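For reference, the structure is listed below as structure tokens.
Values quoted throughout were computed directly from the atomic coordinates according to the rules given, and no laboratory measurement underlies them. The model shown is predicted, which means the values in this text are computed figures rather than measured ones. Glycine gets a Cβ as well: all are built from the backbone with ideal geometry, and neighbour counts include every protein chain shown.
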Amino acid sequence: MRSRFRMSRRVVVLTAVAALSTGLLAGCAEDSDEPGSASPGGGDGKGRTTVTVGVFGVFGYKQAGLYDAYEKLNPGVTVKETSIERVDQYYPNLLTHLGTGSGLQDIQAVEVGNITEVAAKHSDKFVDLGETTGVDKESFVPWKWAQATAENGKTVGLGTDIGPMAICYRKDLFRQAGLPTDRKEVGKLWAGDWRKYIDTGRDYMAKAPKGTVFLDSAGGVYNAAVSGNVERYYDKSGKIIYKDSPAVKEAWGLAMDAIDGKMTAKLKQFDKTWDQAYANGRFATVSCPPWMLGYIKEKAGEKAADRWDVAPAPKPANWGGSFLAVPEAAKNKDEAVKLAAWLTAPEQQAKLFEKQASFPSSRAAYELPEVAGARHEYFDHAPIGKIFADAARGIPTLVVGEKDLTIQTAITDVGVLQVEQQGRTPGQGWAAAVKNIDNALDQ
């Protein structure tokens, strides 16, 4: 997932969380605590230990009441969170503090797009959380644990949420186009192959309701399709391979076929025009991780409450997710380790999903009632707990390179958009993306 999407994902949770159905989500408040407010040495001057947590955007721990619950369980501990809204501002700041060994919070969040660089280049500056009492490696989905594990075996972060992929679709538009509307039958249309998803798009366009198209953007289908492959932009040795990557070629081809079939709304995801298209019912499907549900409900509005549903994606894929890490230079390292382990335990991850729609990276949480029984009223009571848990179990261990975000952003925001919006040929769009990547990587 691109860095712009990552920033937007956290904003999505903040702005749309209150729009999700009662019992699944609760409203959010902004994280506005300022850094440096704790007393020197990590105390509050009253004999209590203040554990500081640095995040980007909204992680939802405060909003879900988890900090309060932890403080009640640990009377001598106060938890204080600092949030920087944008990850592209947060991460450079984190690297600066790691370099100086000062100014670090006791717990620091790390976004999935940055975890490879942290594990490869900075593992010596973080506590090995894989050796933490109370942390069960087997409770996490394997690929999530692997993402934060360095070559030396050190696990620098504990997984928070993930973004298993589904497809959200408009039942009313499918019905008008002569397609099935039952979520099981819809899932069968494209089960096992993103090519079948594009083929379904052709069937939709043959009888498309006036003024509608099959999907929101070619970049969206590219991102969804490429995100289910082990090797995309890098191989397992760390070599950049995107130019010859079968996964990239396949996803690019799908995006180009969608454009050629005139089945996209030619939109850039998270732009205002994309938001408006939800309200106007412009497109029939969108690639949809759990956190997208609240966004759709807010942008499509109550008038579409009986029109959207959720079906499994063609193949398991992931869009989003973060980690909690404890710097070796943390002032309250021992207490921070305990808090990080508690926040990422199955019970707390299930609670966070119930309140904030952050889907657990702990597979043990999938058996808990908050996840296993979760349904979403707005999406025709879709069994979202089961749909997303099934997807999560099938996601492979992705190879995430240090410049994944740079490469993917260039392909979607430069290459795909030039073809989709400017009428360039696929060859011209690809060449523009490669040039942008070469310049960014100084190649």
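Here is how the numbers come out for the structure above:
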quantity	calculated
(i) 63, 47, 40; (ii) 70, 51, 36; (iii) 67, 57, 40, with the label sought being that of the calculated Cα extents along the principal axes in Å	(ii)
Cα-centre dipole for the chain with unit charges at Cβ (Lys and Arg positive, Asp and Glu negative), debye to 20	1160 debye
Cα long-axis angle, helix 3-16 against the chain (0 to 90 degrees, to the nearest 10)	80 degrees
Sorted by Cβ neighbour density within 10 Å, fewest at the top, the residues Arg170, Arg282	Arg282, Arg170
Fewest-first ranking of Met205, Met292, using other Cβ atoms within 10 Å as the exposure measure	Met205, Met292
Calculated Rg and Dmax of region 154-246 using C-alpha coordinates, Å	17.2, 56
Ordering of 319-330, 267-278 by packing [mean C-beta count within 10 Å, highest first]	319-330, 267-278
Amide hydrogen neighbours beyond the local backbone of Gly163, cut-off 5 Å, H modeled	Trp319, Gly320
Cα-based helix-to-principal-axis angle, 346-356 vs the chain, degrees rounded to 10	60 degrees
Beta bridges by DSSP in the chain, antiparallel share as percent, to the nearest 5	65 percent
Selected from Ala440, Gly54, Pro246, residue furthest toward positive end of dipole (the chain; charges at beta carbon)	Pro246
Length-normalised contact order for region 267-389 - Cα pairs under 8 Å, 6+ apart - percent	24 percent
Residue-averaged 222 nm ellipticity for the chain, from DSSP H runs of 4+ at -39500 (n - 2.57), nearest 500	-12000 deg cm²/dmol
Thr50 long-range amide H proximity, modeled H, under 5 Å	Gly43, Asp44, Thr78
For region 203-310, alpha-carbon Rg and Dmax in angstrom	15.7, 50
Mean-position separation - Cα centroids, region 175-215 and region 329-361, in angstrom	39 Å
Three semi-axes of the equivalent ellipsoid, region 115-203, Cα gyration tensor, whole Å, largest first	43, 14, 10
Rounded if a/c under 1.5, otherwise prolate or oblate - region 373-443, Cα gyration tensor axes	oblate
Phi to ³J(HN,Hα) by Karplus 6.51 cos²θ - 1.76 cosθ + 1.60 over region 364-370, Hz, x for Gly, Pro	5, 6, 5, 8, 7, x, 4
